[in-house]
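Please read the structure below before turning to the comments.
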Amino acid sequence: MNNQEILIELKNLTKKFGHFYAVKSVSLEIKRGEIVGFLGPNGAGKTTTMKMIANLLTPNAGEIWIRSNGEIQKLTRKNRDVLLDNIGFLIEIPAFYGKVTPKEILKYFAKLKGYPRQKLNERIDTVLKMVGLLEWKDKKIGTFSKGMKQKIGIVSAIIHDPDIIILDEPQTGLDPTARKEVRDFILNLKKMGKTVFLSSHLLYEISEVADRIAIIHHGQLIAFDTLDNLEERAKKSVIHFELLNPPNNYIDEFIEKLKKIIIPLTGIAEEQSWIKFDNDTKIFQVFFNGNPKNQTEILKILLNKGYEILEFSVPKAGLLENLFIELTRTNKTGGDFK
Amino acid sequence: MTLESEQIKTDIIEIENKKFGLKRDISQIINTINFESRRFFKNFILIILIFLGIFIISLIVQELQYAQDVPLPNDPIEYINSYLGMFGFMVILSAAGFAGSIIAEDFHRQTGNLIFPKISKFKLLIGRLISRYSFNAICVSFYYILIGSITFIKYEEIPIELWGSMGWAFLYTFMIFTFITFMSSIMKSTAISIIVSVLFLLIVFNMISSILLFTGVRIEPLYILTYYEGIIRYSMAMPKPRYTEINIPTGPSGDNGEMQTTTFLQWITPSEIVAFIGMLIYSILFITLAYFLYRRRQSKNV
């Protein structure tokens, strides 16, 4: 199996609604076995792009190429059944017919995709086991929680055992535990040799699983690279730290005090620097140049000043967030980007 | 043989086993029919019970009449007709129950996001039409079997015309079914499509019919869908002429003291050939429109 083999290639893909460009000349390729994160704020064009791959929307311009049976072919009306059989889709939040059971709906979907009948029951059990819902297979989906429905949505995308899985915002609306389960599931898919194209507006969810990240904004692809390379491009980052006894009453004064000792070590001009405090998580954030040396200096000074530090880290999402802000600086509206 | 070539061989075998083209289309339609049949089985039972209930009520009314010394009609067709008084309403009710959600539900509940990447809208619609209309037709057959049975008990024969009437009932049900399918393609939700369809079929069309009657329009109201219901009853004994004349006083009396009256035509039923062509044209028109609206809706919303 060749890991450099391209499974999906988008060439100048464009979709217009009236005069509005939902997707403008997007080109990217997805290679076998990798997880490609498709990142962008709400309304950036992620779902539209995925719907074009699913043949639910017709592009105004551009081409979609998909590998099937060893050969990469341009998606057309004639060959769409053959090509799309190799892909499993989860588009937006899945909704189900409430009165059916997971077993019934998965059986129907698998049959639609031509999965061998004799292996159907075994396959349904396998995929439900993967998401911990095996004992729920004969219960009505109408009684399921949102997270359970989301899991059924994800397994409905993989029930016919496709090589490529396209997941559109699979973690939206889920609680942290369910989000982690979905994240682990996506990583498991990679281990199974599947290729995943995953969209989200949640930076953290993408940065934790993706090998390469494509950033889309206002319908245009503004970056597409590995996380390491994107970090390199960002060159700036955010330190997260938590104190054992954070001051609760005079936080503004405390931040001013921190600024005096930390900002000279951030490697960033004073007017661009900032320190924030999140009241909910009790975490301080320090914007710095991303250099590990500066990171160490900041830690040292905090310890020298006698602060008791519980946690001190640089989350990957922070780097990505900075890059995104930098890349979209010319656009005043950043959208709902978390 | 290397692992890689074995993998390729396995892939090829799997692809060979998969159906493509027409075979695949038929297979997907059959799978949809099976899935939809399972999904709508409870609705089917409910509608069967409603039909049974209406039959029992009609039977009780008939028996009460005979208990009061009203004689049994000599002609079994007349007896059969007494059970078809509410049939138009029953058809509308059952068709709304089966077809009201046929298109609207995937947009209203967003289930389309899950299903449309797996099957084309055309095949999904065909599969749903077949399964749900089959249920509807079985309900109609069930009602006719009940009528046939009671007629046999009473008259020791079942007039052949009853089965002709059942054929018309199938066609009329199909036309109403396609009309509701069309409404389902333009309405936002299942509930709205059912309510609006029933309003149109039970009230709006009847209002139009009444207005036209009293405005003196004499042409046959072939543009009113519920008018075609008449063929179900009157195909068994076609009236001649197919309309009744109603004389209604419309002005002051003249010199001779007589009231001025105007004659209005009330159409009872279309002729058999007109009913057949009319219902067929409407059915095709509604299905075609519903499909194109469905496709258009796909490109906008899902």
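Across the options A:Ile152, A:Thr195, A:Thr177, the greatest Cα extent toward the positive end of the charge dipole of segment A:80-224 (unit charges at beta carbon of Lys, Arg, Asp, Glu) belongs to A:Ile152. Largest mean-square fluctuation among B:Val70, B:Val204, B:Val140, in a Gaussian network model of chain B whose springs join Cα atoms under 10 Å apart, belongs to B:Val70.
The alpha-carbon of A:Lys11 sits under 18 angstrom from the alpha-carbons of these lysines, leaving out residues fewer than 8 places away in its chain: A:Lys24, A:Lys31, A:Lys46, A:Lys51, A:Lys74.
Using a Gaussian network model of chain A in which every pair of alpha carbons under 10 angstrom is joined by a spring, one finds that among A:Asn248, A:Asn86, A:Asn55 the greatest mean-square fluctuation is at A:Asn248. The mean number of partner chain beta-carbon atoms within 10 angstrom of a residue's beta-carbon across peptide A:56-64 is 2. Pairs of Cα atoms in segment B:206-294 fall into 10 Å distance bins, from 0 up to the last occupied one, in shares of 15, 35, 27, 14, 6, 2, 0 percent. Axis of helix A:120-130 versus longest Cα principal axis of chain A: the two differ by about 10°, to the nearest ten degrees. With all pairs of different C-alpha atoms in the average, the Kirkwood value for the hydrodynamic radius of the protein assembly as shown is 29.6 Å.
So what is the 222 nm mean residue ellipticity for chain A from helices alone, if each DSSP H run of at least 4 adds -39500 (n - 2.57) and you divide by all residues, rounding to the nearest 500 deg cm²/dmol? Could you put the intermediate results ahead of the total?
Values: 11 runs with 116 residues, N = 338.
Computed ellipticity for chain A at 222 nm equals -10500 deg cm²/dmol.
Taking chain A as a Gaussian network of alpha-carbon nodes connected by springs under 10 Å, the highest mean-square fluctuation of the residues A:His217, A:His19, A:His201 belongs to A:His19. Within the protein assembly as shown, DSSP assigns beta bridges of which about 70% are antiparallel (rounded to the nearest 5). Between helix B:161-186 and chain B there is an angle of about 60 degrees, using the helix long axis and the longest principal axis of the Cα atoms. Overall dimensions of chain B, expressed as equivalent-ellipsoid semi-axes from the Cα gyration tensor (√(5λ), whole Å, largest first), are 47, 25, 16. Each principal axis of the Cα cloud of segment A:127-194 was taken in turn, and the coordinate range along them, longest first, works out to 33, 25, 17 Å. Straight-line cross-link partners of A:Lys259 among the lysines, defined as a Cα under 21 Å from its Cα and at least 8 positions apart when in the same chain: A:Lys235, A:Lys236, A:Lys276, A:Lys282, A:Lys293, A:Lys300, A:Lys305.
For the pair segment B:108-133 and segment A:174-248, the centres of their Cα atoms are 35 angstrom apart.
Give me the angle, in degrees from 0 to 90, between the Cα long axis of helix A:292-304 and the longest principal axis of the Cα atoms of chain A, rounded to the nearest 10. Its long axis makes an angle of about 50 degrees.
Please compare each pair in A:Lys137/B:Lys123; B:Lys42/B:Lys188; A:Lys194/B:Lys118 to a cut-off of 21 Å on the Cα-Cα distance and tell me which ones are over it. Don't skip to the answer; put the middle values down first.
Details: A:Lys137/B:Lys123 27 Å; B:Lys42/B:Lys188 24 Å; A:Lys194/B:Lys118 19 Å.
Going by Cα-Cα distance, A:Lys137/B:Lys123; B:Lys42/B:Lys188 fall outside the 21 Å limit.
When the helices of chain B are scored as -39500 (n - 2.57) per DSSP H run of n ≥ 4 and the total is divided over every residue, the value at 222 nm lands at -22500 deg cm²/dmol.
Every number in this text was worked out from the coordinates using simple rules, so none of it is lab data. Everything numeric in this text was worked out from a predicted model, so none of it was measured. Note that we place each Cβ from the backbone using ideal geometry, even for glycine, and neighbour counts take in every protein chain shown.
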